[in-house]
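The values are calculated or read from the model by the stated rules, or taken from the named source; none is laboratory data. Just so it is clear, the model here is predicted, and its values are computed rather than measured. Glycine gets a Cβ as well: all are built from the backbone with ideal geometry, and neighbour counts include every protein chain shown.
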Amino acid sequence: MFLEKTVERNKELVQAAFKLHKEGLILPDTYVVDLDTLVDNARKIKEEADKYGIKLYFMTKQIGRNPVISKEFMKLGYDGAVVVDFKEAEVMINNDIKIGHVGHLVQIPKALVEKVVKSKPDYITVYTIEKAKEINEACEKLGIKQNIMLRVLGENDNLYSGQYGGFKLEELKEIGRELLKLKNLNIAGIASFPCFLYDEASNEIKRTRNIDTIKEAKTILEKEFDIKIEQLNMPSATCVNSIKKISEEGGTHGEPGHGLTGTTPYHKANDAEEIPAMVYVTEVSHNLLDKGYCYGGGHYRRSHVENALVGESIENYKMVKVTPPTDESIDYHFELSENCNVSDTVVMAFRTQIFVTRSNVALVKGINKGEPEIIGVYDSQGIETKAI
């Protein structure tokens with residue numbers, strides 16, 4: 001999906017990927033992250049956000065919940081991590097990384113509520129009264145108050161399978177009355193996802209109906225209960241291009257994820273401010289009939305993978321078509337459109353969510369200077385592994 005754009009805009013990264021694999025410094029099924037470019041992308045987004053008074057929580061699931069990367073973002077002045085689920089929350093807590101937002105898309109399980117509350121996140125999103133009560137109980141025990149955000153749901157909102165949940169607008173008055181009984185919680189924010197999506201026809205990042213739902217929820221809560229909603233969280237497709245749009249819609253917070261690596265659908269079609277900062281590296285395993293096969297492990301069902309570079313270096317490769325395994329199959333291998341030399345390097349660039357793979361992640365600095373240096377290799381959950 002992003003291969004041609006990556007070669008065009010960050011050829012040094014592709015060159016480094018070939019080099020590191022050929023020298024035996026990384027194994028097949030490794031995502032190589034250009035740390036310098038990644039941090040520069042994050043800086044550009046932060047600078048744009050500062051212009052419009054937008055605060056940012058960084059999302060790291062797509063790059064493997066990496067604590068080193070997270071600490072680099074914190075140095076830039078980000079307001080903390082947005083953790084997509086409780087396992088990611090534990091990674092951040094265990095590495096002393098501030099959590100800005102937790103609970104959206106996945107609620108905190110009961111056994112971890114106290115641990116998460118004790119870490120003092122800026123906001124916890126809830127979408128059941130039961131979960132709010134558990135959080136309130138933990139707050140009472142710890143003697144603290146906690147800002148909560150409500151995940152709200154309108155009739156025509158965009159939703160993805162596996163992510164269903166939220167308080168319906170028509171229930172909000174009743175929900176608000178119940179939540180206000182919980183004296184250690186402060187209703188201070190509203191969230192929904194996705195608030196922006198890339199529209200291929202117009203080549204623009206456009207608002208979704210979810211934004212209207214957020215605004216309606218804010219009006220209902222403030223008018224009915226005389227409370228101040230401080231955060232209107234508008235995630236999805238957060239990048240330099242969309243920051244102004246968040247501001248224009250009255251949003252207060254964005255949550256860059258793929259924008260940080262220059263791998264949103266918008267980045268495929270445009271030379272955006274953010275430069276592609278990640279590739280997938282693997283190796284030719286074998287041939288069968290007229291096809292080649294390379295080691296898998298890093299496939300994501302929505303990857304839109306199309307092509308791969310196969311060869312020995314950026315000067316000596318061929319581009320071949322890639323066929324990923326079917327959705328019902330384990331990705332032991334990717335299929336290549338023709339025979340290839342066994343053990344040759346394979347470089348791809350596609351949309352990924354590393355946290356749902358079994359891949360390694362190699363953090364590499366010095367790529368843009370032609371001096372790539374691995375500073376650490378991690379698994380898909382942000383745990384450091386031994387280098388080769």
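Does any residue of segment 298-321 turn out to be out of contact with any helix residue (DSSP H, G or I) (no Cβ under 9 Å at 6 or more places or on another chain), over 30 Å from residue 152 (Cα atoms), basic (Lys, Arg) and not in a loop (DSSP other than H, G, I, E, B)? Yes, because at least one residue in segment 298-321 is out of contact with any helix residue (DSSP H, G or I) (no Cβ under 9 Å at 6 or more places or on another chain), over 30 Å from residue 152 (Cα atoms), basic (Lys, Arg) and not in a loop (DSSP other than H, G, I, E, B).
Residues that are in a loop (DSSP other than H, G, I, E, B), closer than 10 Å to residue 300 by Cα and not charged (D, E, K, R) within segment 326-359 comprise 350, 352, 353, 357, listed in sequence order. The requirement of being of a type in the set (Phe, Trp, Tyr) and more than 15 Å from the chain's Cα centre (by Cα) is fulfilled nowhere in segment 57-76; no residue meets it.
Scanning segment 363-373 for residues that are in contact with a strand residue (DSSP E or B) (Cβ under 7 Å, 6 or more places away or on another chain) and either closer than 18 Å to residue 2 by Cβ or part of a helix (DSSP H, G or I) (or both) yields 364, 367.
The condition of being surrounded by 19 or more Cβ atoms within 10 Å (Cβ to Cβ) and either touching a strand residue (DSSP E or B) at 6+ places or on another chain (Cβ under 9 Å) or without any contact (Cβ under 8 Å) to a residue 60 or more places away in the chain (or both) holds for only one of 356, 346, 342, that being 346. May I ask you to verify whether residue 282 is crowded, with 18+ Cβ neighbours inside 10 Å, in contact (Cβ under 8 Å) with a residue 60 or more places away in the chain and closer than 16 Å to residue 337 by Cα? Yes: the conditions hold for residue 282. Figure legend. Inter-residue proximity from segment 33-48: first residues on the phi < 0 side of the Ramachandran plot, second residues of a type in the set (Lys, Arg), beta-carbon distance below 9 Å, spacing 6+ or different chains. Indicated pairs: 34/365; 35/365; 36/365; 36/369; 39/75; 48/244.
Exactly one residue out of 221, 197 is over 30 Å from residue 377 (Cα atoms), in a strand (DSSP E or B) and assigned by TED's automatic domain parsing to the domain that holds residue 60, and it is 197.
If you go through segment 154-165 one residue at a time, do you hit one that is assigned to a loop (DSSP other than H, G, I, E, B), over 28 Å from residue 208 (Cβ atoms) and in contact with a helix residue (DSSP H, G or I) (Cβ under 6 Å, 6 or more places away or on another chain)?
Here is the first cut: in segment 154-165, the residues assigned to a loop (DSSP other than H, G, I, E, B) are 154-165.
Then drop every residue that is not over 28 Å from residue 208 (Cβ atoms), which leaves none.
Checked against the condition, which is being assigned to a loop (DSSP other than H, G, I, E, B), over 28 Å from residue 208 (Cβ atoms) and in contact with a helix residue (DSSP H, G or I) (Cβ under 6 Å, 6 or more places away or on another chain), segment 154-165 yields no hits at all.
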